[in-house]
Amino acid sequence: MEETISLQDLFATLKKRLGLIALMAILAITIAGVISFLVLTPIYETSTQILVNQEQSEASQMINQNIQADLQLINTYSVIIKSPAILDQVSSELGLNMTAEQLNSKITVATAENSQVVNVSVQDENPAQAVEIANTTAAVFEKEIKGLMNVDNVSVLSPAVLKSNPSPVAPTPILNMAIAAVVGLMLGVGIAFLLEYLDTTMKNDQDIEDILGIPLLGVISPIQEKADLKEASEIASRRRAG
């Protein structure tokens, strides 16, 4: 016999296990909050901007190929900034006990479309060190690019600055707790339906018909409680005595 579940049954299951679902959501939010506020280390971010000054004649600016070549050059600069040739010197100048690979993981280089500005962002647990890494990377790149590519068209447009009260970019407790709430609700709903599926007890006449597959012919009336029987016995005794 094929078993079907109606929307009414689904809502009845959710209502029945509402406490469990709420408990799972609260537990997930609590765990996410504790981890976000007490366990995870805050990460700070700062950035500096590098300007690539392309010296072009008036005629060359009209040629699309030259424009594309300029953009490719900027993309090349983005790769060079994160190369060991630059980052090894940055680590040496700042006295950091970091390899080029470790510094590379802290640095993000981005360029806006059709722009000559390269944005160098640095994330670190120490906001002051993030500023030092960003500015030193820009300065070393500006100096070394002259020898690497025989050009002198790079300058620091906007150095990184240490704010008086920097705010971490990670972790984000509110977002983490919101995600945990959704996960907790989904887990609670899943457990609720699993418990309902594993519950094979027969609670009413409809369960008997569904499980046995036969129509219900009759129902036995409920037996009176002991208190009711005792009260009826006392009344009968008083009548006999009277």
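Every read-out reported here was derived from the displayed coordinates using simple, explicitly stated rules and does not represent laboratory data. The structure presented is a predicted model; accordingly, all values stated were derived computationally and were not measured.
Data for the structure
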item: Cα pair count fraction exceeding 21 Å, expressed as % - the range 122-194; result: 57
item: Percent breakdown of C-alpha pair distances by 10 Å bin, ordered from the shortest bin, for the range 77-151; result: 19, 56, 23, 3
item: Phi-based couplings in Hz for the range 177-193 (Karplus 6.51, -1.76, 1.60; Gly and Pro marked x); result: 5, 5, 5, 4, 4, 5, 4, x, 5, 4, 5, x, 5, x, 5, 4, 5
